[in-house]
Amino acid sequence: MDVTLHLAQDPDADRLLGRSPLAALTGMLLDQQIPMEWAFKGPATIAQRLGADDLDAHEIAAYDPEAFAALLSEKPAVHRYPGSMAGRIQQLCRYLVEHYDGDAEAVWRDVDDGKELLKRLQDLPGFGKQKAQIFLALLGKRLGVRPSGWREAAGAYGEEKSFRSVADITGPESLAKVRAHKQEMKAAAKAAKAAKNTRA
């Protein structure tokens, strides 16, 4: 796995995401309630604070939880909720150590088809169906991981030429399109909620 991603919009952070399966998974885990670039810059910031050039699942799983939370809370914080996200990252790493000997790439390396890959991703702590589908689409569209049926398993996120998620970002222009799509979806959800409340 060695491709250039454009998710953090920061060359060093993006290089790490493109070569490190664990960094990519961690960025995806962090991608909630904060801007996408902030989330995907997180893995590089964590590695830097650990004095390493990559993340190590064994090291993070065994790290003292309070010290790891403090590491993520240092200014600038890795996430809006650094304490709870530190716990989630450690949970993810413990799961990877327990089930994949700490090798994040093993989650998708020998997978038979898209359906199985989606199940494996959904089994990861912190990955609901939507997050798992988006990451599956990212693997297929950007990282060359394409087991049979991967697009179907990724649902709408697997569609070609769509601008729905991080899986569709190749640079500033597509980032703007994805952001616009997300704002549309948010506005639609808000309108639906308001309509529902009016009827109630």
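Among residues of segment 150-169 that are crowded, with 22+ Cβ neighbours inside 10 Å, those with a beta-carbon under 7 Å from a residue that is assigned to a loop (DSSP other than H, G, I, E, B) and among the acidic types (Asp, Glu) at least six positions away or on a different chain give the pairs 166/31.
Picking from residues in segment 104-124 that are touching a residue at least 40 places away in the same chain (Cβ under 8 Å) and over 22 Å from residue 58 (Cα atoms), the one that is least open to solvent (accessible area, probe 1.4 Å) is 114. Across segment 125-141, the qualifying residues are those that are under 19 Å from residue 109 (Cβ atoms) and in contact with a Leu (Cβ under 6 Å, 6 or more places away or on another chain), and the one among them that is surrounded by the fewest Cβ atoms within 10 Å (Cβ to Cβ) is 127.
Take residue 167 and tell me if it is within 23 Å of residue 103 (Cβ to Cβ), out of contact with any Asp or Glu (no Cβ under 6 Å at 6 or more places or on another chain) and at pLDDT 95 or above. So residue 167 does not fit the description; no. Taking segment 189-200 as the range and being at pLDDT below 80 and within 24 Å of residue 163 (Cβ to Cβ) as the test, only 189 passes.
Could you please let me know if residue 151 is within 20 Å of residue 170 (Cα to Cα) and part of a loop (DSSP other than H, G, I, E, B)? No, not satisfied.
Within segment 80-96, residues that are touching a residue at least 24 places away in the same chain (Cβ under 8 Å) sit with their Cβ atoms under 7 Å from residues that are hydroxyl-bearing (Ser, Thr, Tyr) and open to solvent by 20 Å² or more (accessible area, probe 1.4 Å), at 6+ positions apart or across chains, in these pairs: 90/63.
The values are calculated or read from the model by the stated rules, or taken from the named source; none is laboratory data. Since the model is a prediction, treat every value here as computed from it, not as a measurement. Counting neighbours? That spans all protein chains shown, and the Cβs are built from the backbone with ideal geometry, glycine included. Note: accessible area is taken over every heavy atom of the protein model, side chains too, but ligands, DNA and RNA are not part of it. Shrake-Rupley method; radii C 1.70, N 1.55, O 1.52, S 1.80 Å.
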